[in-house]
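Input: a single structure, listed below in structure tokens.
The values are calculated or read from the model by the stated rules, or taken from the named source; none is laboratory data. Just so it is clear, the model here is predicted, and its values are computed rather than measured. We place every Cβ from the backbone using ideal geometry, glycine too, and count neighbours over all the protein chains shown. With ligands, DNA and RNA removed, areas are computed over all heavy atoms of the protein, side chains included. Shrake-Rupley method; radii C 1.70, N 1.55, O 1.52, S 1.80 Å.
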Amino acid sequence: MNSQVLEKLHEILPEGSILLHEPMKKHTTFRIGGEAEVFLEIEDLAQLQQVLPLLIEAEEPYFLLGNGSNLLVSDTGYQGTILHLSGEFTDVLIRDNLVTVGAGVLLSTVARMAAEKGLTGLEFAAGIPGTIGGAMVMNAGAYGGEMKQVVKTAMLMSPEGDLMSVSGEDMAFGYRTSRIKHSKDILLSVTLELAQGNRDDILTTMQELALKRREKQPLEYPSAGSTFKRPEGNFAGKLIMDCGLRGYQVGGAQVAEKHCGFVINKNQATAKDVSDLMKHIQQVVQKETGVLLEKEIIFLGDFE
Ligand SMILES: Cc1cc2nc3c(=O)[nH]c(=O)nc-3n(C[C@H](O)[C@H](O)[C@H](O)COP(=O)(O)OP(=O)(O)OC[C@H]3O[C@@H](n4cnc5c(N)ncnc54)[C@H](O)[C@@H]3O)c2cc1C
């Protein structure tokens, strides 16, 4: 990074908020990834509105990080700036059946807080290890629920620093996508509309779903969840299993024995191991079944 830009960042952000050469394996659920050149902890809107234009004007690449649970960072890291939202971006405000939550809050946290207040609608989200920001980008979903069903309004910021309040309908949610996935807009907060329910029933449903996950998913290994999107009328995991790839390994990366839809970091896998394994899976599945699996995981950094 240009030293003048770094100097200006030091004027905007408090001591300790700027990390250099930060290992990204610390910030991804895969526990994989080289160093980010610069890693910024952004604690409020005023900081974001100063930092973003500065990076854009200096043509410094940047990436908005959630909980890194859908992310593969390359072994050579990221030659740019990672923005991580904390501070006021982790606020939660519950008023009647409306829950306003900052982009940096974990889904599991907000799902539990809603349950404690007897609010139903977020049970599906309790076991998804992402932030509200990542979940809005991906329209995260599970067990018949998805973000699309509960979003009333979202507060976005354009790269120029303009704020926009966007209704749930205008978020253009689709399967693992939304209007922010392919734009440079940043999700700041969202208001979820839940319904009154019974606290104990909600907590029981959450426990049942957590148990299902533990039974079906290889949660004992680092991963980024489902590696590929669900192909129309089929399941990626089933196709991969039917092609005889259960347990197939490249270096330290493996097609999970427990659930073939997951690539896991079995034993100190590199990003290259994961990406080579994913390519191999795509080739075999396409050759055997004609289906081209599309990756769900987001790649950051340089890959061959
Ligand atoms: C064990 C496991 C189980 C999983 N189960 C599920 C599941 O059941 N259903 C499901 O949908 N997913 C699942 N996932 C995948 C993942 O948790 C979700 O996709 C989640 O929504 C990603 O959120 P994140 O905060 O980790 O985002 P990240 O991985 O950090 O980022 C994902 C994308 O969102 C962008 N982003 C993050 N925050 C913002 C923001 N504030 N503004 C703009 N862009 C932003 C990033 O730039 C990136 O493009 C699972 C993952 C794991 C590891």
Practice prompt. Take the cross-link list Lys229/Lys266; Lys26/Lys148; Lys212/Lys258; Lys152/Lys295 and give me the ones stretching past 19 Å between alpha-carbons.
Written response: Lys229/Lys266; Lys26/Lys148; Lys152/Lys295
Worksheet item: Quick one: with all protein chains in place, what share of the accessible area of the stretch 218-300 is carbon or sulfur, to the nearest percent (1.4 Å probe)?
Response: 46
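Where only protein heavy atoms count, and the probe is 1.4 Å, what is the accessible area per residue for the stretch 111-191 in Å²?
Value returned for the stretch 111-191: 40 Å² of accessible area per residue.
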Item to complete: Quick one: compute the contact order of the stretch 3-85, relative version, from alpha carbon pairs under 8 angstrom and 6+ residues apart, as a percent.
Response: 36
Worksheet item: Looking at the stretch 184-255, which GluC sites (Glu not before Pro) are DSSP coil and have at most 16 other C-beta atoms within 10 Å of their C-beta?
Response: Glu220, Glu232
Worksheet item: Once the Cα gyration tensor of the stretch 3-85 is diagonalised, what are the square roots of 5 times its eigenvalues, in whole Å and ordered largest first, as equivalent ellipsoid semi-axes?
Response: 22, 13, 11
Item to complete: Determine the per residue accessible area of the stretch 218-300 with all protein chains present and a 1.4 angstrom probe, expressed in square angstrom.
Response: 49
Fill in: Cα→Cβ-extended label distance, 7 Å offset, between Ala195 and Lys26, nm
4.4
Worksheet item: Can you work out the FRET efficiency for the pair Leu211 and Glu11, with r the C-beta to C-beta distance and R0 = 41 Å, to the nearest 0.05?
Response: 0.25
Worksheet item: Which FRET efficiency value, to the nearest 0.05, is calculated for Asp162 and Leu203 with the Förster distance at 41 angstrom and r the Cβ-Cβ distance?
Response: 0.55
Response to the item:
So the carbon and sulfur contribution to the accessible area of the stretch 90-201, 1.4 Å probe, in percent, is 49
Item to complete: Taking a cut-off of 18 Å between Cα atoms, list the aspartates and glutamates near Lys238, but don't count ones fewer than 8 places away on the same chain.
Response: Glu215, Glu257, Glu288, Glu294, Glu296
Worksheet, complete the sentence: Output ordering of 91-98, 274-281 (per-residue mean of other Cβ within 10 Å, highest first) is 274-281, 91-98
Discussion item. Probe radius 1.4 Å, ligands and nucleic acids left out: which of Tyr248, Tyr62 has the largest accessible area, and how do the rest follow?
Written reply: Tyr248, Tyr62
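Antiparallel versus total DSSP beta bridges in the chain: what percent is that, nearest 5?
Percent antiparallel among DSSP bridges in the chain is about 75.
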